[in-house]
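Report on the structure given below.
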Amino acid sequence: MLLRSLRPQASRISSVRGLQSHLANREFFKVVEVGPRDGLQNEKNFVPTEQKVELINRLSSSGLKVVECASYVSPKWVPQMKDNDEVVNSINHVPGTSYPVLVPNMAGMKNVLKNKNVKEIAVFAAASEGFSKKNTNCSMEESLKRLADVAAEALQNGIKVRGYTSVVIGCPYDGKTNPAKVAALSEALLSMGCYEVSLGDTIGVGSAASVSKMLNEVLRVAPAEKFAVHFHDTYGQALSNVLVSIEKGIRRR
């Protein structure tokens, strides 16, 4: 039991040392900060607009070059994001820094087009049928059709598009995710015009082995510079998974 309890800690220490080695060699990594959107959207108590604005301004002043600042979803489903326009229009738009917003459908895209301060959007799709139906109330196939319309509208209006894939390792409804599904979904997002696809271990069940297997499949459809990774530290494996991704050539997280 003692040995088993020490394994996550040993893995974490090893991962930290591995990351330090990469940093010592002055290797470049791009960090996309999603806290103001992903971190706040599920908060039960509404966070005042001015606090959101202050958070985003502090993050961008720290040197971060990409800060996802809001989500254009129905306030009925995500009331925390009901002030999206106010936030986007009130933050300091630092030159050289991007402030993308999440857009799930054409209704959200139509609202985005009314705001000239939005220069980049993010779209998302799940790598499992169960998660897709629970999260967007449609199948994976239908989700991609919706997103293709959103991406086309954005690109026609000079707005950049970034893609997200969720549950790339495991799904709370369907269990383990087939890496081939992740690869196919990522390829579809790239084909519709996403300049980059972020691979998300939504429930944090990834390990070095499962992440490596997933990336091997994904990297068959596009080079590493087209991908980013997003890990949750549910079981203390996030650093290990980041290190594996770096060793596969991923430089965005």
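The values are calculated or read from the model by the stated rules, or taken from the named source; none is laboratory data. Predicted, not measured: the structure shown is a model, and the values here were computed from it. Quick reminder, even Gly has a Cβ in these numbers, built from the backbone with ideal geometry, and neighbours come from all protein chains shown.
If the requirement is being within 24 Å of residue 230 (Cα to Cα) and at pLDDT 95 or above, which of these qualifies: 58, 26, 12? First the steps, then the outcome.
On the way: 26 fails: at pLDDT 95 or above; 12 fails: at pLDDT 95 or above.
When all the criteria are applied, what remains is 58.
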Apart from one, (1) closer than 25 Å to residue 151 by Cβ; (2) touching a residue at least 12 places away in the same chain (Cβ under 8 Å) all hold for residue 49; the odd one out is (1)
Check: If you go through the range 95-112 one residue at a time, do you hit one that is under 28 Å from residue 203 (Cα atoms), small (Gly, Ala, Ser) and touching a Ser or Thr at 6+ places or on another chain (Cβ under 7 Å)?
Finding: no
Note on the range 58-89: residues surrounded by 18 or more Cβ atoms within 10 Å (Cβ to Cβ) and of a type in the set (S, T, N, Q) are 60, 71, 80, 84
Within the range 189-210, residues within 16 Å of the chain's Cα centre (by Cα) and either buried (at least 22 other Cβ atoms within 10 Å of the Cβ) or part of a helix (DSSP H, G or I) (or both) come out as 189, 190, 194, 197, 198, 199, 200, 201, 202, 206
Filtering the range 30-40 for residues that are part of a loop (DSSP other than H, G, I, E, B) and either in contact with a Phe, Trp or Tyr (Cβ under 7 Å, 6 or more places away or on another chain) or at pLDDT below 95 (or both) leaves a count of 1
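So how many residues does the range 26-73 have that are among the polar types (S, T, N, Q) and under 16 Å from residue 121 (Cβ atoms)?
Of all residues in the range 26-73, those among the polar types (S, T, N, Q) come to 41-42, 45, 49, 51, 57, 60-62, 71.
Now restrict to residues that are under 16 Å from residue 121 (Cβ atoms): 41, 71.
Of the residues in that region, 2 qualify.
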task = Kindly indicate whether residue 164 is in contact (Cβ under 8 Å) with a residue 12 or more places away in the chain, crowded, with 16+ Cβ neighbours inside 10 Å and aromatic (Phe, Trp, Tyr).
result = yes
Test for residue 179: is it in contact with an Asp or Glu (Cβ under 6 Å, 6 or more places away or on another chain) and not hydrophobic (A, V, I, L, M, F, W, C)
yes
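For residue 142, are the conditions met, namely being acidic (Asp, Glu) and either more than 25 Å from residue 87 (Cα to Cα) or part of a loop (DSSP other than H, G, I, E, B) (or both)?
Values: acidic (Asp, Glu): yes; either more than 25 Å from residue 87 (Cα to Cα) or part of a loop (DSSP other than H, G, I, E, B) (or both): yes.
Judged against the criteria, residue 142 is a match.
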For the range 96-127, the count of residues that are closer than 16 Å to residue 163 by Cβ and of a type in the set (Ser, Thr, Tyr) equals 1
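Restricting to the range 98-136, and then to whatever is assigned to a loop (DSSP other than H, G, I, E, B) and buried (at least 22 other Cβ atoms within 10 Å of the Cβ), can you tell me which residue is modelled with the lowest pLDDT? Give the steps one after another, and end with the answer.
We begin by selecting, within the range 98-136, every residue assigned to a loop (DSSP other than H, G, I, E, B); these are 99-100, 103-105, 113-119, 127-128.
Then keep just the ones that are buried (at least 22 other Cβ atoms within 10 Å of the Cβ); that gives 99-100, 103-104, 118, 127-128.
Values: 99: 99, 100: 99, 103: 98, 104: 95, 118: 98, 127: 98, 128: 98.
Applying the filter and picking the extreme gives 104.
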Result of the Cβ filter at 9 Å on the range 220-238, keeping first residues that are at positive phi and surrounded by fewer than 16 Cβ atoms within 10 Å (Cβ to Cβ) and partners that are in a helix (DSSP H, G or I) and charged (D, E, K, R), at least 6 apart or interchain, is 236/12
Checked 90, 98, 139 against criteria (among the small types (Gly, Ala, Ser) and touching a strand residue (DSSP E or B) at 6+ places or on another chain (Cβ under 7 Å)); the one match is 98
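Identify all residues within the range 145-179 that are part of a loop (DSSP other than H, G, I, E, B), farther than 23 Å from residue 66 by Cα and not β-branched (Val, Ile, Thr); write none if there are none. Lay out the reasoning, then the answer.
Step one: list which residues in the range 145-179 are part of a loop (DSSP other than H, G, I, E, B), which gives 157-159, 167-169, 172-174, 177-178.
After this cut, where a residue has to be farther than 23 Å from residue 66 by Cα as well, the list is 169, 172-174, 177-178.
Passing the criteria: 172, 173, 174, 178.
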